[in-house]
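The values are calculated or read from the model by the stated rules, or taken from the named source; none is laboratory data. Because the structure is a prediction, the values reported are computed rather than measured. For neighbour counting, all protein chains shown are included, and Cβ atoms are generated from backbone atoms with ideal geometry for every residue, glycine included.
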Amino acid sequence: MDRTARLSGESDRTLDHCLVSLFRAGLSGDENAILQEGAEQAQRVTHSSIAYAHFMNDDQMTIELGTWSRNTLRFCTAVYDRHYDLDKAGIWGDAARNQAPVLHNDYASQPARSGYPKGHAHLLRHLGVPVLQDGKVTLLVGVGNKDADYTDDDIRRVQAVADTTWELIESSRKQERDRLTAHFSRTAQDLLSFIEWSWDAGEDRLSWRGDFSHLIPGVQAPGDLSELLAIVDAHSADELADLFLQHDDTNGRFDLKIHVVDAHGEPRYLRLLAESVMRTRGETRLFRGILQDLTVLDELEQARKEASTDPLTGLLNRKGLHEAISPIFSGDRRRQAGCAALMIVDLDRFKQINDRFGHEVGDEVLVTIGHRLARRMRRSDHCARIGGDEFAVVAAPIPSRSDAEAIAASIARELSRPILHRSRSLEISGSVGVAVVDLRSKVPDWITLYRAADRAMYAAKARNDHVVLEYLDEADVRRNGRRNHNRRSSSRNGD
């Protein structure tokens with residue numbers, strides 16, 4: 001057996017030991033421990049001196065930096081970053097861009113080598129691999145500074161470590177979801193507490209089946225309609241009175257949301273489900289149903305909205321925009337007539353206003369611009385603030401690319417209107433980059449469309465135009481795919 005074959009066999013045995021160590025970490029069910037072990041074993045299996053393992057965010061445009069091997073941290077001061085922009089990453093980010101392994105055995109000679117996180121260890125050699133799931137990159141694992149050149153065998157071994165790391169993380173997440181589901185099932189009645197009730201209209205008597213104080217702490221169960229109306233807010237009282245005091249002869253079902261305040265001054269949000277029936281004998285009605293506590297669900301919904309909303313303007317943020325428009329760019333969407341347009345809006349002269357008048361005035365300008373953009377949107381459109389003075393508008397569906405250009409032009413005109421602030425007239429304008437795609441053709445992914453709109457926006461700034469439009473047809477999508485394929489090939493060859 002020659003030396004190369006012997007070394008390869010030893011490395012494969014090392015890989016087996018590394019995977020065993022990974023599986024042991026997986027038994028803990030701790031996602032952070034699994035990710036850390038993934039970085040350690042990637043370093044070990046390639047005899048490297050540094051290693052990292054980072055999540056790719058769902059937007060496929062930012063990376064969650066956070067895990068380096070322990071040896072790397074001896075001389076690396078890079079810190080956790082929840083949203084490290086992929087566009088800032090140098091060639092080490094090509095594993096994510098190209099969705100394929102990258103290998104650089106002479107990192108210093110690479111033309112695009114710059115661009116790794118501040119404080120990161122200096123790279124001499126680098127190998128990075130992505131983990132793919134449903135066409136998206138989920139995890140990036142990389143190693144660096146091996147004494148000898150990295151080889152295709154190193155790629156294969158790091159890929160095995162990365163794939164196993166992701167499988168263990170997915171398994172850990174599933175176990176946690178199952179645990180939470182079981183816990184929720186056990187506590188569902190506590191989270192969504194409800195009690196049964198009935199009201200006899202003839203006798204004005206409220207009856208409760210269950211612990212009313214568990215639903216509204218510190219409040220005694222009302223015994224008649226007037227006592228019920230006394231514990232709810234004025235709007236809820238009006239709705240309940242209309243419901244209970246109707247005198248028609250038809251049966252009906254009702255679903256009301258009412259607000260009360262418990263004995264501790266805390267607001268409670270309740271859902272009252274009711275049906276009314278005429279008694280078999282007599283002329284009076286019987287109302288019956290359940291009263292359900294929605295407080296927890298309201299709080300969860302509010303938290304979800306806050307996570308996807310820009311707190312200053314009230315528009316969507318980048319995450320919210322991606323969630324709102326993902327159906328347009330999903331592979332499952334049926335083709336339909338019309339176009340979709342993504343518009344990137346960047347304010348001109350905003351920095352001068354911010355520097356001269358202060359951040360408070362700058363914030364007011366952003367809020368005003370946000371309101372102006374929102375007023376121009378249709379129900380099917382979406383508007384977001386995605387950066388400091390950068391906004392995005394998605395219009396879909398629209399009849400044609402000329403309509404997209406007309407919408408963008410109207411946005412530019414709207415932006416150029418002076419903003420009045422305390423008797424001052426603030427002059428501002430905007431550059432609008434537009435990327436348009438025909439929904440009847442193959443729709444490119446969100447990243448491709450965003451980059452096209454971003455290019456158009458910078459072109460508008462460079463030409464001193466207010467609007468520049470870039471149209472993507474199927475040929476563009478295919479060319480983009482070929483470019484990615486060629487970049488994958490050249491990256492693997494170290495070119």
Candidate set: segment 12-33, residues that are among the small types (Gly, Ala, Ser) and touching a helix residue (DSSP H, G or I) at 6+ places or on another chain (Cβ under 7 Å); chosen: the one farthest from Ser48 (Cα to Cα) | Gly29
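So that you can scan it fast, the table gives a plain yes or no per residue for (1) of a type in the set (Ser, Thr, Tyr); (2) surrounded by 15 or more Cβ atoms within 10 Å (Cβ to Cβ); (3) modelled with pLDDT of 85 or more:
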position: Asp389; (1), (2), (3): no, yes, yes
position: Ala392; (1), (2), (3): no, yes, yes
position: Ser416; (1), (2), (3): yes, no, yes
position: Arg422; (1), (2), (3): no, no, no
position: Ile428; (1), (2), (3): no, yes, yes
position: Ser431; (1), (2), (3): yes, yes, yes
position: Val434; (1), (2), (3): no, yes, yes
position: Val443; (1), (2), (3): no, yes, no
Could we say that Ala412 is under 16 Å from Leu469 (Cβ atoms) and either without any contact (Cβ under 8 Å) to a residue 60 or more places away in the chain or not assigned by TED's automatic domain parsing to the domain that holds Ala456 (or both) here?
-> yes
Cβ pairs under 7 Å, 6+ apart or interchain, first in segment 148-171 and in contact (Cβ under 8 Å) with a residue 24 or more places away in the chain and of a type in the set (S, T, N, Q), second crowded, with 20+ Cβ neighbours inside 10 Å and not in a helix (DSSP H, G or I), ordered by first then second residue, are Gln159/Pro101; Gln159/Val129; Thr165/Ala53; Thr165/Leu139; Thr165/Val141
Do you know which of the residues in segment 29-73 that are without any contact (Cβ under 8 Å) to a residue 40 or more places away in the chain and part of a loop (DSSP other than H, G, I, E, B) is surrounded by the most Cβ atoms within 10 Å (Cβ to Cβ)?
-> Ser69
Inter-residue pairs, beta-carbon under 8 Å, first acidic (Asp, Glu) and in segment 217-242, second at pLDDT below 90 and in a loop (DSSP other than H, G, I, E, B), 6+ apart | Asp224/Asp204
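Of the residues Leu415, Leu347, which single one is within 24 Å of Asp87 (Cβ to Cβ), in contact with a Gly (Cβ under 6 Å, 6 or more places away or on another chain) and not basic (Lys, Arg)? Even if it seems obvious, please write down each step before you answer.
Numbers: Leu415 fails: within 24 Å of Asp87 (Cβ to Cβ).
Matching residue, one of Leu415, Leu347: Leu347.
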For residues that are more than 29 Å from Ile325 (Cβ to Cβ) and loosely packed, with under 13 Cβ neighbours inside 10 Å, scanning just segment 74-111, find the one that is modelled with the lowest pLDDT.
-> Val79
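Among the residues of segment 416-442, which ones are more than 31 Å from the chain's Cα centre (by Cα) and β-branched (Val, Ile, Thr)?
As a first pass, look at segment 416-442 and keep what is more than 31 Å from the chain's Cα centre (by Cα): 416-427.
Correct list: Ile419 only.
Taking the condition surrounded by fewer than 17 Cβ atoms within 10 Å (Cβ to Cβ), at pLDDT 90 or above, not assigned by TED's automatic domain parsing to the domain that holds Ser69 and not small (Gly, Ala, Ser), does Asp153 pass?
The answer is no for Asp153.
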